[in-house]
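Structure first, then comments.
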Amino acid sequence: MVASTSKPTEEQISSEKMSTDSRNAKSDFRTKLKSSVYRRKCLKTLWLGFSFCALGFSVSQRGPAFLDIQIITQTDVESASFFFTAASVGYLIGSLTAGVVYDKLDKSMLLIMSLLGLSFTTIALPWCSPYALMIAIHFICSLFGGSVDTVGNAELVRIWGKEGEMAMQFLHFTFAFGGVISPLITMPFLTEEDSQSIETNASISTTSNGTSNSTGPALPLTTKLGMQSW
């Protein structure tokens with residue numbers, strides 16, 4: 001009597017193939033790590049990842065801190081919205097400028113200088129109480145941010161070439177990670193908008209015909225950031 005044998009299903013074949021590919025990928029990665037050139041590429045990718053984490057951290061601070069920036073500059077929403085316009089223009093010009101000088105300067109030094117500029121301008125931003133100075137610091141800060149973005153992406157492509165799919169995903173994951181943790185770290189230092197800190201309809205003007213016009217909620221008088229915290 002001949003025993004009947006069942007053929008493997010497509011799901012079993014697919015599962016075995018995935019398992020084999022996974023083992024081969026791990027073995028291939030260990031083999032590549034033995035090469036000093038490959039290890040240098042990985043270290044450079046980690047360096048770019050830290051750079052993009054810092055970029056995401058800086059960019060994501062401005063939205064949550066918008067109320068505090070208004071308090072520092074004593075501006076309303078309409079006037080303070082120009083800070084974001086200046087930042088967008090600065091980011092665009094920084095990206096274009098970095099693309100022009102990328103092949104003419106030392107790439108590592110260009111990235112380091114851009115990161116230093118981004119760091120110093122981010123630190124200086126809460127201390128710029130004059131309105132025009134706040135617009136200028138938003139522009140300059142984003143100028144360096146655009147440079148970091150352009151140089152980082154270009155460097156990743158130069159390092160990995162066509163093999164950079166996973167490295168590119170890692171780079172933008174670090175940017176998103178910096179953007180996620182930035183509001184969480186910044187939150188304890190921000191002004192809380194509640195009923196005790198804001199008096200609704202606090203600013204009321206009387207027109208010539210005796211009617212009253214409410215100009216909306218009044219801003220809190222103090223913030224924990226910049227000159228206002230002293």
Within the stretch 59-73, work out how many residues are in contact with a Leu (Cβ under 8 Å, 6 or more places away or on another chain), part of a helix (DSSP H, G or I) and open to solvent by 40 Å² or more (accessible area, probe 1.4 Å).
0
So which residues in the stretch 108-133 are under 16 Å from residue 50 (Cα atoms), open to solvent by 40 Å² or more (accessible area, probe 1.4 Å) and in contact (Cβ under 8 Å) with a residue 40 or more places away in the chain?
119
Report yes if some residue within the stretch 34-52 is at pLDDT 65 or above, part of a loop (DSSP other than H, G, I, E, B) and loosely packed, with under 10 Cβ neighbours inside 10 Å; otherwise report no.
yes
Just the residues that are more than 16 Å from residue 56 (Cα to Cα) and crowded, with 20+ Cβ neighbours inside 10 Å, please, taken from the stretch 141-155.
155
When the stretch 118-161 is checked residue by residue, the ones that are under 21 Å from residue 172 (Cα atoms) and small (Gly, Ala, Ser) are 119, 142, 145, 146, 147, 152, 154, 161
Here the qualifying pairs (Cβ atoms under 8 Å; residues six or more apart or on different chains; first in the stretch 169-192 and under 17 Å from residue 145 (Cα atoms); second open to solvent by 70 Å² or more (accessible area, probe 1.4 Å)) come out as 174/50
In this structure, is residue 56 open to solvent by less than 50 Å² (accessible area, probe 1.4 Å) and modelled with pLDDT under 90?
no
Here is a list: 60, 51, 88, 79. Which entry is among the hydroxyl-bearing types (Ser, Thr, Tyr) and over 20 Å from the mean Cα position of the chain (by Cα)?
79
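The values are calculated or read from the model by the stated rules, or taken from the named source; none is laboratory data. Keep in mind the model is a prediction, meaning the values are calculated, not measured. Virtual Cβ from ideal backbone geometry, glycine too; neighbours counted across all protein chains shown. Please note that ligands, DNA and RNA were not included when accessible areas were found on the heavy atoms of the full protein model with its side chains. Shrake-Rupley method; radii C 1.70, N 1.55, O 1.52, S 1.80 Å.
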